[in-house]
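A short worksheet on the structure shown next.
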Amino acid sequence: MKDYTPIKFAGLLALTAVSALTLLGSAALAQQPLVPPAAPKAEAPAPATPVATPQAAPAPAPQAAAPVMARLALASVIVPGEPVNDGDYVSSSRFYGDWRLACDEIESRGRRICRLEQELGLSGKWALTWKLVESSQKKPFFLVSFPAAANPEKKVQLVIGGFIREFGKEEWACSGSTCEFYIPADTTAQQLILGASNIRFRYSLGTETIELSASMKGFMTALDTLVDEPTAAQPASAPVAAAKPVRPERKKVASRQFETIRRTNDPMPEALKKIYGVN
């Protein structure tokens, strides 16, 4: 009988070697950091052919939204952050013909800003205000305010004799219940407006046309009063040495405001009247 022990022994050695290799492999794997199995690599989808998505016709390039006019920055006697003592700020109004001369003043500083304005009404209701104002840049403007309910599809018209100047909604600055537009009070505007006797404004409320007649009566008198107002005088009884400082000379303060309008208020040349149809 053959002895198979060496064969069995050899087979056992081989099996042991394989087991040892398997264990070594497992130990090696155990030393490696755990990495989640890589997700199967998705093939990059072929560039999608732009599908005609029912997309709304490209929004018309935002038409430079009609520039919203900023409200005109007006000159002011009050400087932000500057303290004003009680009783030092004075607001006054005087009437000349169809015009109101309204002034604000800080007395201790001899600082005063005025405006000339006229309100127009219809059937007992306010319909429009126009005024001569000064911007923060010390430039004179005619400022026209009217109801915000005015039809924006229509234009506001300034009618002087046969001359019509139209102001579309892109020229309006609106806030709350009013809108306004501005007319630089340059020489031509002054001659047109100050030299005319027949001035009208037109705008629409819904389908109704509102037409208003304006007047220049009292305007130049108010302007002359503003520019030529005499200096405040000291009481005759008070000795000069003991007199309290009086308000700074108003003439010097006021003459800087609207003085250019006073100087250019010459009668409108006949040639200009014919061009603009001013009567």
Suppose we keep only residues that are within 18 Å of Leu74 (Cβ to Cβ), in contact (Cβ under 8 Å) with a residue 60 or more places away in the chain and of a type in the set (A, V, I, L, M, F, W, C) within region 104-123. Which one would you say is surrounded by the most Cβ atoms within 10 Å (Cβ to Cβ)? Cys114
Within region 137-150, how many residues are assigned to a strand (DSSP E or B) and of a type outside the set (Phe, Trp, Tyr)? 5
Could you list, in sequence order, the residues of region 160-180 that are under 17 Å from Gly121 (Cα atoms), surrounded by 15 or more Cβ atoms within 10 Å (Cβ to Cβ) and not acidic (Asp, Glu)? Thr178, Cys179
Note on region 124-136: residues outside any strand (DSSP E or B) and without any contact (Cβ under 8 Å) to a residue 24 or more places away in the chain are Gly124
Would you check if there is a residue in region 173-194 being in a loop (DSSP other than H, G, I, E, B), over 26 Å from Lys274 (Cα atoms), at pLDDT 95 or above and not basic (Lys, Arg)? no
Subset of region 195-219 (residues that are outside any loop (DSSP other than H, G, I, E, B) and farther than 28 Å from Ser123 by Cα): none
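The values are calculated or read from the model by the stated rules, or taken from the named source; none is laboratory data. The structure presented is a predicted model; accordingly, all values stated were derived computationally and were not measured. Heads up, the Cβs are rebuilt from the backbone with ideal geometry, glycines too, and the neighbour counts pull from every protein chain shown.
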